[in-house]
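The values are calculated or read from the model by the stated rules, or taken from the named source; none is laboratory data. Model, not experiment: these values are computed from the prediction. Here the Cβ positions follow ideal geometry from the backbone for every residue, glycine too, while neighbour counts run over all protein chains shown. With ligands, DNA and RNA removed, areas are computed over all heavy atoms of the protein, side chains included. Shrake-Rupley method; radii C 1.70, N 1.55, O 1.52, S 1.80 Å.
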Amino acid sequence: MIQIPKGCKDVLPEDAGRWQDVECTARDVAKRYGFQEMRTPTFEHTELFARGVGDTSDIVTKEMYTFLDKGGRSVTLRPEGTAGVARAFLEHGLAGGTMPFKAYYLISAFRYERPQAGRLREFHQFGAELYGSESPEADAEVIALAARFLKELQLSDVTLELNSIGCPECRKEYAAALKAYFEPHLAKMCPDCRVRYEKNPLRMLDCKVPECKEICKGAPRVLDHLCPDCRAHFAAVQRLLDAACIDYVVNPYIVRGLDYYSRTVFEFTSGALGAQNTVLAGGRYDTLLGQLGGKPVPAVGFAAGLERLILIMDAIGVPAVERCPDCIVMGLDDTSRMEAFRVAEKLREAGFIAECDLLGRSLKAQMKYADKRLARYAVILGEEELSRGAAQVKHLGRSTSEEVPLEDLISYIRTGKLPEKE
Ligand code: ATP
Ligand code: MG
């Protein structure tokens, strides 16, 4: 038997409702903030991610699914959504359109990682991007969207952790301070961190190796190295969040895994997850569009990992929206089965979830099926009822039943009672 590739997951019909709830909430919340959907290809030229995500990031150095296509071009399955949106924005000249530009995406992403709970090789993200505004209001709006998304999923026990990593100017000074701090510890740190030390010392703060994490605890704080402009920007973001009653804690050691961030960075973490506790992360990336060859356009965004959100929702028992059938319509002989088919179509036309038997089963077996599917009503089309133009409608939760004229069936299913006759 052929098995699913390592690090991938099937979503079975019984679990699909949860996915649809999360995706509907994402679309609905994004819409309320005026963000429109953007769809970009599943693979891009490798160069895009190397330039966009940053060639010292874990993603680019270790995790990309890169291959040569039959034409000998190097392409990569997208490891994240931001670079593709930025590429499309530039390619379609959207910088010349209405600003700010606000887009969201629901995508699958691919990273060659060691699979574990909440860490897959194909996973899914909901992300939002806001381009064209440097103002702290843009950061706060994106964070508010993220917070509302998580709130509407009924995720309790998530914390918003906030930091500013400053602009490239303040980071020069900070990188020097970090190097001075890490130098005496370098021998005890992992090989990756030794490379990061040379190339991008900030990245050392994002190391997952326990020994390195311990050493990071004493590292200088980026917040002590911000220039006056970055400091004012960060203070304004916090004031806006306060005004909107969005709770947060400042965590001066958040740097984020991608290279393109500047100023605000944030993560929503959950106590209900183990090691992989970040469910949503993002920040400002004012240099990315310039790095991709466009004119520099300030930008801020986030991405949420849907598998991790769903793990929490399952763990804390958030109920999925019910998608049980309203009616199972049952016939017994050829005539009534034909009638069942017709009645089921009428019910679907009226917007109800209706099913009929497809396996030639007995009434008893059909009733069993209706119970299993947690249907609300069994609509039974017996010979006698049909001769009166009616159906026997059984309320499965209450085990009550009554005869309902077919012309009143839709209103009966809608209201649970027969219409009053004049
Ligand atoms: P981590 O530190 O957990 O590796 P990251 O910094 O690489 O995360 P981002 O690139 O910021 O993650 O992606 C945003 C979100 O996507 C993460 O917060 C997480 O919820 C989710 N995510 C990232 N990688 C994976 C993965 N391999 N499997 C499942 N979800 C993931
Ligand atoms: Mg990662």
(request) State which residue is least open to solvent (accessible area, probe 1.4 Å) when the search covers only segment 32-46 and only residues that are in a strand (DSSP E or B) and farther than 12 Å from Ala103 by Cα. (result) Glu44
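Residues are listed down the side, and each one gets a yes or a no for (1) touching a residue at least 60 places away in the same chain (Cβ under 8 Å); (2) β-branched (Val, Ile, Thr); (3) touching a strand residue (DSSP E or B) at 6+ places or on another chain (Cβ under 8 Å):
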{"position": "Arg78", "(1), (2), (3)": "no, no, yes"}
{"position": "Thr98", "(1), (2), (3)": "no, yes, no"}
{"position": "Glu137", "(1), (2), (3)": "yes, no, no"}
{"position": "Gln154", "(1), (2), (3)": "yes, no, no"}
{"position": "Asp157", "(1), (2), (3)": "yes, no, yes"}
{"position": "Leu160", "(1), (2), (3)": "yes, no, yes"}
{"position": "Asn163", "(1), (2), (3)": "yes, no, yes"}
(message) What's the total number of residues in segment 243-296 that are within 16 Å of ligand 2 (Cβ to nearest atom), of a type in the set (A, V, I, L, M, F, W, C) and part of a loop (DSSP other than H, G, I, E, B)?
(response) 5
(message) Step by step: first the residues of segment 299-314, then only those that are open to solvent by 30 Å² or more (accessible area, probe 1.4 Å) and within 24 Å of Ile254 (Cβ to Cβ), then the one that is nearest to ligand 1 (Cβ to nearest atom). Which residue is that?
(response) Arg308
(request) Scan segment 177-193 for residues that are small (Gly, Ala, Ser) and out of contact with any His (no Cβ under 9 Å at 6 or more places or on another chain) and report the count. (result) 2
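Say we look at segment 348-363 and pick out the residues that are over 15 Å from Arg337 (Cα atoms) and not acidic (Asp, Glu); which of these is most open to solvent (accessible area, probe 1.4 Å)? Before the answer, list the steps.
Residues of segment 348-363 over 15 Å from Arg337 (Cα atoms): 348-353.
When the remaining residues are screened for being not acidic (Asp, Glu), the result is 348, 350-353.
On the way: Arg348: 91, Ala350: 35, Gly351: 62, Phe352: 30, Ile353: 72 Å².
My answer is Arg348.
Which residue, of Thr287, Thr278, is surrounded by fewer than 22 Cβ atoms within 10 Å (Cβ to Cβ), modelled with pLDDT under 95 and within 16 Å of ligand 1 (Cβ to nearest atom)?
Sole residue among the options that is surrounded by fewer than 22 Cβ atoms within 10 Å (Cβ to Cβ), modelled with pLDDT under 95 and within 16 Å of ligand 1 (Cβ to nearest atom): Thr278.
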(request) Give just the number: which of (1) touching a Pro at 6+ places or on another chain (Cβ under 7 Å); (2) surrounded by 12 or more Cβ atoms within 10 Å (Cβ to Cβ) does Ile107 not satisfy? (result) (1)
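With more than 16 Å from ligand 2 (Cβ to nearest atom), at negative phi, open to solvent by 50 Å² or more (accessible area, probe 1.4 Å) and at pLDDT 95 or above as the only criterion, which of Glu129, Glu122, Glu134 stands out?
Working: Glu129 fails: open to solvent by 50 Å² or more (accessible area, probe 1.4 Å); Glu122 fails: more than 16 Å from ligand 2 (Cβ to nearest atom).
Testing whether each residue is more than 16 Å from ligand 2 (Cβ to nearest atom), at negative phi, open to solvent by 50 Å² or more (accessible area, probe 1.4 Å) and at pLDDT 95 or above leaves just Glu134.
Results for (1) within 16 Å of ligand 2 (Cβ to nearest atom); (2) within 21 Å of Ala304 (Cα to Cα); (3) under 20 Å from the mean Cα position of the chain (by Cα), shown as yes or no for each residue.
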position: Arg18; (1), (2), (3): no, yes, yes
position: Val22; (1), (2), (3): no, yes, yes
position: Phe35; (1), (2), (3): no, yes, yes
position: Thr40; (1), (2), (3): no, yes, yes
position: Asp58; (1), (2), (3): yes, yes, no
position: Thr66; (1), (2), (3): no, no, no
position: Asp69; (1), (2), (3): no, no, no
position: Arg78; (1), (2), (3): yes, yes, yes
(message) Restricting to segment 39-59, give me the number of residues that are in contact (Cβ under 8 Å) with a residue 60 or more places away in the chain and either within 12 Å of ligand 1 (Cβ to nearest atom) or under 20 Å from Leu106 (Cα atoms) (or both).
(response) 10
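Which residue out of Asp326, Asp333, Asp314 is free of Cβ contacts under 8 Å to residues at least 60 places away in the same chain and of a type in the set (Asp, Glu)?
Values: Asp326 fails: free of Cβ contacts under 8 Å to residues at least 60 places away in the same chain; Asp314 fails: free of Cβ contacts under 8 Å to residues at least 60 places away in the same chain.
Within the list Asp326, Asp333, Asp314, the selection yields Asp333.
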(request) Within segment 98-119, work out how many residues are at pLDDT 95 or above, away from ligand 1 (no atom under 11 Å from the Cβ) and over 20 Å from Ile310 (Cα atoms). (result) 5
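Residues Ala219, Ala243: which one is surrounded by fewer than 20 Cβ atoms within 10 Å (Cβ to Cβ), away from ligand 1 (no atom under 16 Å from the Cβ), of a type outside the set (Lys, Arg) and not assigned by TED's automatic domain parsing to the domain that holds Glu141? Even if it seems obvious, please write down each step before you answer.
Details: Ala243 fails: not assigned by TED's automatic domain parsing to the domain that holds Glu141.
Answer to the selection: Ala219.
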(request) For segment 372-388, state whether one or more residues are of a type in the set (Lys, Arg), surrounded by fewer than 13 Cβ atoms within 10 Å (Cβ to Cβ), on the phi < 0 side of the Ramachandran plot and under 37 Å from the mean Cα position of the chain (by Cα). (result) yes
(request) Go through (1) open to solvent by less than 70 Å² (accessible area, probe 1.4 Å); (2) more than 16 Å from ligand 1 (Cβ to nearest atom); (3) farther than 22 Å from Val142 by Cβ and name the single condition Val29 misses. (result) (3)
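Inspect segment 87-95 for any residue being under 15 Å from Arg256 (Cβ atoms), assigned by TED's automatic domain parsing to the domain that holds Tyr112 and buried (at least 20 other Cβ atoms within 10 Å of the Cβ) and give the result as yes or no. Walk me through how you get there before you give the answer.
Step one: of segment 87-95, the residues under 15 Å from Arg256 (Cβ atoms) are none.
No.
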(message) So, Gly93, is that one more than 14 Å from the chain's Cα centre (by Cα), at positive phi and away from ligand 2 (no atom under 12 Å from the Cβ) or not?
(response) yes
